[in-house]
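Notes to accompany the following structure.
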Amino acid sequence: MVIGGCALPERHVVCDISSLGDPGSRGFVVEGESGSVELFVVRRGELLAAYKNSCPHTGVNLEWQPDQFLDFSNSYIQCATHGALFRLEDGYCLRGPCAGELLETVEVRLEAGLVVVILEGEG
Ligand code: FES
C-alpha cells in the first residue's frame, strides 16, 4: 500500500512455527508489492530469524537443497556454493570468502504460533 509516496511495510504469514524444525530452516518466496522476495527463516529454541536468500559473496541462493540452510551440525547457516558460515542470530559471516559481511535481515515475528515476516515498503 502506498500512502503519500511512501509504501507501508507488508506483513506476510509464511508458516506455522510447528512446521519449522528445532533447529530448522525453511525457504519461502513472498510476493510483495515490489515483486518476489526470496527469504528463509531459521529457528533454534527461542531464536527465530529471517534473512534474504542471497549470499553476500556472489548473491546466489544459500541452501543445499530445498529448506536446508543449516550446516550438518545445525549450528550455523551455511552457503552451499563456497561454504561460508553465518551466525543464526544476526547473519554475521564468521568464515568464508565473505567473512565479516552480513546476510540481509528480514523482520520476523511469532504471532499466535504463526511465523510472520515484515517486508519494508519501497519509497
Ligand atoms: S557464494 Fe556463498 S560463499 Fe561464495
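The values are calculated or read from the model by the stated rules, or taken from the named source; none is laboratory data. Bear in mind that the values here come from a model prediction, so they are computed numbers and not experimental data. Cβ atoms come from the backbone with ideal geometry, glycine included; neighbour counts cover every protein chain shown. Ligands, DNA and RNA are stripped out before the accessible areas are found, and what is left, the full protein with its side chains, is counted by its heavy atoms. Shrake-Rupley method; radii C 1.70, N 1.55, O 1.52, S 1.80 Å.
Where does each of 104-114, 53-63 land if you order them by average Cβ count within 10 Å, highest first?
53-63, 104-114
Indicate the gyration tensor shape class of the stretch 22-63 (rounded, prolate or oblate), computed on the Cα atoms with a ≥ b ≥ c the square roots of the eigenvalues: a/c under 1.5 is rounded; otherwise a/b larger than b/c is prolate and the rest oblate.
On the way: a/c = 2.65, a/b = 1.44, b/c = 1.85.
Oblate, since a/c reaches 1.5 and b/c is not below a/b.
How large, in percent, is the carbon and sulfur part of the accessible surface of the chain at a probe radius of 1.4 Å?
Of all accessible area on the chain, carbon and sulfur atoms account for 49 percent.
Just to confirm a number: summing +1 for Lys and Arg and -1 for Asp and Glu over residues other than residue 118 whose beta-carbon lies under 9 angstrom from that of residue 118, what do you get?
Numbers: positive: 11, 109; negative: 10, 107, 120.
Every neighbour counted, the sum reads -1.
Could you state the accessible area per residue of the chain in Å², with a 1.4 Å probe and every protein chain left in place?
Normalised by residue count, the accessible surface of the chain is 54 Å².
Decide, for the chain, between rounded, prolate and oblate: order the square roots of the alpha carbon gyration tensor eigenvalues as a ≥ b ≥ c, take rounded if a/c falls under 1.5, and otherwise choose prolate if a/b is larger than b/c, else oblate. Could you put the intermediate results ahead of the total?
Values: a/c = 2.11, a/b = 1.36, b/c = 1.55.
The shape class here is oblate.
Using a Gaussian network model of the chain with C-alpha springs under 10 Å, which one of 24, 100, 35 is most mobile by mean-square fluctuation?
With Cα springs under 10 Å in the chain, the top fluctuation among 24, 100, 35 is at 35.
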